[in-house]
Amino acid sequence: MTDISTDILVVGGGAAGLSAASEAASCGARVLVVESDLQLGGQLVKQTHKFFGSKDEYAGTRGYKIAGILLDEIEECGRGVEVLTNATVTGYYAEDKTFTVMRGEDSYSRIKARRAIIATGASERLIPFPNNDLPGVYGAGAVQTLMNVYGVTPGRRVLMVGAGNIGLIVSYQLMQAGVEVAAVVEAMPRIGGYWVHAAKIRRLGVPILLKHSIKEALGGRVVEGAVITELDDKFNPTGQERSVDCDVICLAVGLSPTTEILSHAGCKMRYVPELCGSVAERDRTMRTSNPDFWSAGDAMGIEEASAAMVEGRIAGLCAANSLGLPAKMEKLDEYWARLDHLRAGEVGEKIRSGIVKVSRGGWEACCNE
Amino acid sequence: MELIAEHPVLDLSYFKRGEKVEFTFDGASMEGFEGAPIAAALHANGVRVYRETPNMRRPRGFFCAIGKCSSCFMVVDGVPNVRTCVTPLEAGMKVETQHGRGHARIAPILPE
Ligand SMILES: Cc1cc2nc3c(=O)[nH]c(=O)nc-3n(C[C@H](O)[C@H](O)[C@H](O)COP(=O)(O)OP(=O)(O)OC[C@H]3O[C@@H](n4cnc5c(N)ncnc54)[C@H](O)[C@@H]3O)c2cc1C
Ligand code: FES
């Protein structure tokens, strides 16, 4: 067991964590980024499509290239940002303000940090159906990791479950990788994702079956097919079933914020359906009710990389400021203007109504060191 | 191997593929890329079943790919419960299907 100490610990090296780290380091903080994956970048490294959003957040740039831009920025911070990959923060012990981190499979360290920024992103949801444990039933993230990070073909023919943005985009990515997509099934009577993404796969002849869901996976040792069923208005099976030839069933049925460490730290949490799960209450600086903890990105509510990057910058700036470092706090208003812009209009409606429920004017006991 | 050979957006050099190395799976020799997760190397070799559950003997494979679900536990170089989706492949690794919980040799804890 080794001991590590740092000014600011950033847990998670995705869009939010990387932005937080470079912002804090640019104020002069010593930052440590701990990332459980073998490389930095989070979800971004797996996205081959051009992103929406605004110019400041690289709209029109492909996801994996945005990851490249953020990594260059980290590189420029030099020794201001240290990085541990293949390292998972497993817990926070409030009584002695210590984090534990597992590096690889069997090496552990303790980390003491004056401030922490939790940018752990999201975890995928599961749905129950017979044989959903068979090898070949994969989360959308796993399918993306195999094909877009390691260049391994996930299968021959895929049934996609879920027509939200992730289901639609991953279907398209599968076709780019030369994999056939049998169909996309969606329980709701409408497509959840953006029309552009749906149109791209429809043009390539993939049926999007609304009011349909998976009934069961078929196969003895691995997935050899699936049975799908039509649903009525109350989501009950109508009895209209058909079997689908596939060797992979890809689940894209939603994400929930990853918040265990915030809970360990005793941060006030609240279940907010619009943000897709239980999330921390926060003030304008992305600080939680525990004055040593900030958080940003999907961990604070499922949204987009564009918003995750801005929230990360806010958290990095304000955590550095709380340490008495020369942070340009006038940037806070500019960052909020960007967030408001990203969340404007009809598409941002749900996010805005969720955020209102967990926003606090400020924490009474702010401890500036 | 089941590898992507061409891609309209990604240059093949983007894929994290280290040097080609040999390893064994349940005694059979296989090839994979060093530094990529063991589970990805197995998948590229067409192997999908990584362990069997303790009680019902249900096959388990890849699922989350981020080291969080324990679906991909295998015995690697004699060590059970290794998360193969996040453990990098090394030359000569001995990878085995894990049956049940797996057994670890517990080293005695010596006073520091
Ligand atoms: C298919 C798909 C398409 C998308 N398309 C778009 C788009 O077009 N436009 C857009 O703006 N957004 C898009 N997004 C969303 C965007 O990718 C995410 O909102 C964004 O990546 C969130 O960033 P994050 O840093 O909060 O989380 P992540 O990118 O998920 O990063 C979190 C990181 O934390 C690490 N981590 C978690 N727990 C621990 C721990 N305990 N210890 C150490 N490390 C840990 C994880 O390994 C991960 O790398 C898409 C997402 C997907 C899946
Ligand atoms: S696939 Fe989930 S822990 Fe490895």
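Going through region A:87-106 one residue at a time, which ones are surrounded by fewer than 17 Cβ atoms within 10 Å (Cβ to Cβ), in contact with a strand residue (DSSP E or B) (Cβ under 7 Å, 6 or more places away or on another chain) and under 20 Å from A:Leu40 (Cα atoms)?
Across region A:87-106, the qualifying residues are A:Thr90, A:Thr100, A:Arg103, A:Glu105.
Determine which member of the set B:Val86, B:Val95 is within 15 Å of ligand 2 (Cβ to nearest atom) and more than 19 Å from A:Thr153 (Cα to Cα). Give the derivation first.
Numbers: B:Val86 fails: more than 19 Å from A:Thr153 (Cα to Cα).
Every option except B:Val95 fails the conditions.
State whether the residues of region A:135-156 include one that is part of a strand (DSSP E or B), aliphatic (A, V, I, L, M) and touching a Leu at 6+ places or on another chain (Cβ under 6 Å). Give the derivation first.
Restricting attention to region A:135-156, the residues satisfying the condition of being part of a strand (DSSP E or B) are A:137-139, A:152.
Filter once more, keeping what is aliphatic (A, V, I, L, M): A:137, A:152.
This time we only want the ones that are touching a Leu at 6+ places or on another chain (Cβ under 6 Å), so: A:152.
Scanning region A:135-156 turns up at least one residue that is part of a strand (DSSP E or B), aliphatic (A, V, I, L, M) and touching a Leu at 6+ places or on another chain (Cβ under 6 Å).
State the number of residues belonging to region A:107-130 that are surrounded by fewer than 20 Cβ atoms within 10 Å (Cβ to Cβ), within 23 Å of the chain's Cα centre (by Cα) and more than 16 Å from ligand 2 (Cβ to nearest atom). Please lay out each step first, then the result.
In the first step, residues of region A:107-130 are kept if they are surrounded by fewer than 20 Cβ atoms within 10 Å (Cβ to Cβ); the result is A:107-110, A:112, A:114, A:125-130.
Of the ones still in play, those that are also within 23 Å of the chain's Cα centre (by Cα) are A:125-128.
From what's left, more than 16 Å from ligand 2 (Cβ to nearest atom): A:127-128.
The qualifying residues number 2.
How many of the residues in region B:78-101 are within 13 Å of chain A (Cβ to nearest Cβ), charged (D, E, K, R) and in contact with a Gly (Cβ under 8 Å, 6 or more places away or on another chain)?
1
Of the residues that make up region B:39-58, is at least one of a type in the set (Phe, Trp, Tyr), surrounded by 19 or more Cβ atoms within 10 Å (Cβ to Cβ), in contact (Cβ under 8 Å) with a residue 24 or more places away in the chain and more than 8 Å from chain A (Cβ to nearest Cβ)?
From region B:39-58, those of a type in the set (Phe, Trp, Tyr) are B:50; that's our starting set.
Narrowing the set further to residues that are surrounded by 19 or more Cβ atoms within 10 Å (Cβ to Cβ) leaves B:50.
So of that shortlist, the ones also in contact (Cβ under 8 Å) with a residue 24 or more places away in the chain come out as B:50.
With the extra rule that they be more than 8 Å from chain A (Cβ to nearest Cβ), the set shrinks to none.
Checking region B:39-58: not a single residue is of a type in the set (Phe, Trp, Tyr), surrounded by 19 or more Cβ atoms within 10 Å (Cβ to Cβ), in contact (Cβ under 8 Å) with a residue 24 or more places away in the chain and more than 8 Å from chain A (Cβ to nearest Cβ).
Among the numbered criteria (1) part of a strand (DSSP E or B); (2) on the phi < 0 side of the Ramachandran plot, which single criterion is violated by A:Val253?
For A:Val253, the exception is condition (1).
I need the full set of residues from region A:284-337 which are on the phi > 0 side of the Ramachandran plot and more than 24 Å from the chain's Cα centre (by Cα), in order please. Full working, then the answer.
So in region A:284-337, the residues on the phi > 0 side of the Ramachandran plot come out as A:286, A:297, A:301, A:324.
Result: A:Gly324, single match.
Tell me, which residue of region A:200-228 that is more than 14 Å from A:Met160 (Cα to Cα) and in contact with a helix residue (DSSP H, G or I) (Cβ under 7 Å, 6 or more places away or on another chain) is surrounded by the most Cβ atoms within 10 Å (Cβ to Cβ)?
A:Lys200
What pairs come out if I take residues in region A:116-143 that are more than 7 Å from chain B (Cβ to nearest Cβ) and pair them with residues that are acidic (Asp, Glu) and within 16 Å of ligand 1 (Cβ to nearest atom) whose C-beta lies under 7 Å away, six or more apart or interchain?
A:Gly121/A:Asp298; A:Ala122/A:Asp298; A:Ala140/A:Glu124
Select from region A:67-90 the residues that are away from every other protein chain (no Cβ under 14 Å) and either touching a Pro at 6+ places or on another chain (Cβ under 9 Å) or assigned to a helix (DSSP H, G or I) (or both) and list them in ascending order.
The answer is A:Ile69, A:Leu70, A:Asp72, A:Glu73, A:Ile74, A:Glu75, A:Glu76, A:Gly78, A:Arg79, A:Gly80.
What is the one condition in (1) in a helix (DSSP H, G or I); (2) at pLDDT below 95; (3) crowded, with 18+ Cβ neighbours inside 10 Å that A:Val196 does not satisfy?
(3)
So B:Asp11 fits all but one of (1) within 16 Å of ligand 2 (Cβ to nearest atom); (2) more than 8 Å from chain A (Cβ to nearest Cβ); what number is the exception?
If we test B:Asp11 against (1) within 16 Å of ligand 2 (Cβ to nearest atom); (2) more than 8 Å from chain A (Cβ to nearest Cβ), just (1) comes out false.
Among the residues of region A:97-115, which ones are within 14 Å of chain B (Cβ to nearest Cβ) and of a type outside the set (A, V, I, L, M, F, W, C)? Lay out the reasoning, then the answer.
If we filter region A:97-115 for residues that are within 14 Å of chain B (Cβ to nearest Cβ), which is where we start, we get A:101-108.
Of everything in region A:97-115, those that are within 14 Å of chain B (Cβ to nearest Cβ) and of a type outside the set (A, V, I, L, M, F, W, C) turn out to be A:Arg103, A:Gly104, A:Glu105, A:Asp106, A:Ser107, A:Tyr108.
One residue is enough: does region B:59-71 have a residue meeting the conditions more than 23 Å from A:Ala87 (Cα to Cα) and either touching a residue at least 12 places away in the same chain (Cβ under 8 Å) or facing chain A (nearest Cβ under 10 Å) (or both)? It would help to see each step written out before you state the result.
Residues of region B:59-71 more than 23 Å from A:Ala87 (Cα to Cα): B:59-60.
In the following step, the residues that additionally are either touching a residue at least 12 places away in the same chain (Cβ under 8 Å) or facing chain A (nearest Cβ under 10 Å) (or both) were identified as B:59-60.
Yes, there is a match, as at least one residue in region B:59-71 is more than 23 Å from A:Ala87 (Cα to Cα) and either touching a residue at least 12 places away in the same chain (Cβ under 8 Å) or facing chain A (nearest Cβ under 10 Å) (or both).
Determine which single condition B:Val75 fails, assuming it passes every other condition in (1) facing chain A (nearest Cβ under 10 Å); (2) farther than 26 Å from A:Arg156 by Cβ; (3) buried (at least 20 other Cβ atoms within 10 Å of the Cβ).
Tallying (1) facing chain A (nearest Cβ under 10 Å); (2) farther than 26 Å from A:Arg156 by Cβ; (3) buried (at least 20 other Cβ atoms within 10 Å of the Cβ), B:Val75 fails exactly one: (1).
Considering region B:78-108 alone, what residues qualify as being part of a loop (DSSP other than H, G, I, E, B), of a type outside the set (Val, Ile, Thr) and more than 11 Å from the chain's Cα centre (by Cα)?
To start, the set of residues in region B:78-108 that are part of a loop (DSSP other than H, G, I, E, B) comprises B:78, B:84-87, B:89-93, B:97, B:100-108.
Within this subset, residues satisfying the condition of being of a type outside the set (Val, Ile, Thr) are B:78, B:85, B:89-93, B:100-105, B:107-108.
Listed by number, the residues that qualify are B:Gly78, B:Ala91, B:Gly92, B:Gly100, B:Arg101, B:Gly102, B:His103, B:Ala104, B:Arg105, B:Ala107, B:Pro108.
Check off (1) away from ligand 1 (no atom under 16 Å from the Cβ); (2) surrounded by fewer than 22 Cβ atoms within 10 Å (Cβ to Cβ); (3) not in a strand (DSSP E or B) for B:Gly67 and give me the number that stays unchecked.
(1)
If B:Ser29 meets every condition in (1) touching a Gly at 6+ places or on another chain (Cβ under 9 Å); (2) more than 10 Å from every other protein chain (Cβ to nearest Cβ) apart from one, which number is that one?
It is condition (1) that B:Ser29 fails.
Please indicate, with yes or no, whether at least one residue in region B:2-19 is within 16 Å of ligand 1 (Cβ to nearest atom), assigned to a loop (DSSP other than H, G, I, E, B) and touching an Asp or Glu at 6+ places or on another chain (Cβ under 9 Å).
Looking through region B:2-19, none of the residues is within 16 Å of ligand 1 (Cβ to nearest atom), assigned to a loop (DSSP other than H, G, I, E, B) and touching an Asp or Glu at 6+ places or on another chain (Cβ under 9 Å).
Could you check region A:156-176 and list, in sequence order, the residues that are more than 21 Å from the chain's Cα centre (by Cα) and buried (at least 24 other Cβ atoms within 10 Å of the Cβ)? Step through it out loud before you land on a result.
Let us first name the residues in region A:156-176 that are more than 21 Å from the chain's Cα centre (by Cα), namely A:156-159, A:175-176.
Within region A:156-176, A:Val158, A:Leu159 qualify.
In region B:47-62, which residue that is within 12 Å of the chain's Cα centre (by Cα) and within 15 Å of A:Asn132 (Cα to Cα) is nearest to ligand 2 (Cβ to nearest atom)? Walk me through how you get there before you give the answer.
At the first step, the residues of region B:47-62 found to be within 12 Å of the chain's Cα centre (by Cα) are B:47-51, B:61-62.
This time we only want the ones that are within 15 Å of A:Asn132 (Cα to Cα), so: B:48-49, B:61-62.
Working: B:Arg48: 12, B:Val49: 13, B:Gly61: 8, B:Phe62: 5 Å.
Checking each candidate, the answer is B:Phe62.
The values are calculated or read from the model by the stated rules, or taken from the named source; none is laboratory data. These figures come from a predicted structure and were not determined experimentally. Every residue, glycine as well, gets a Cβ built from its backbone with ideal geometry; the counts of neighbours run over all protein chains shown.
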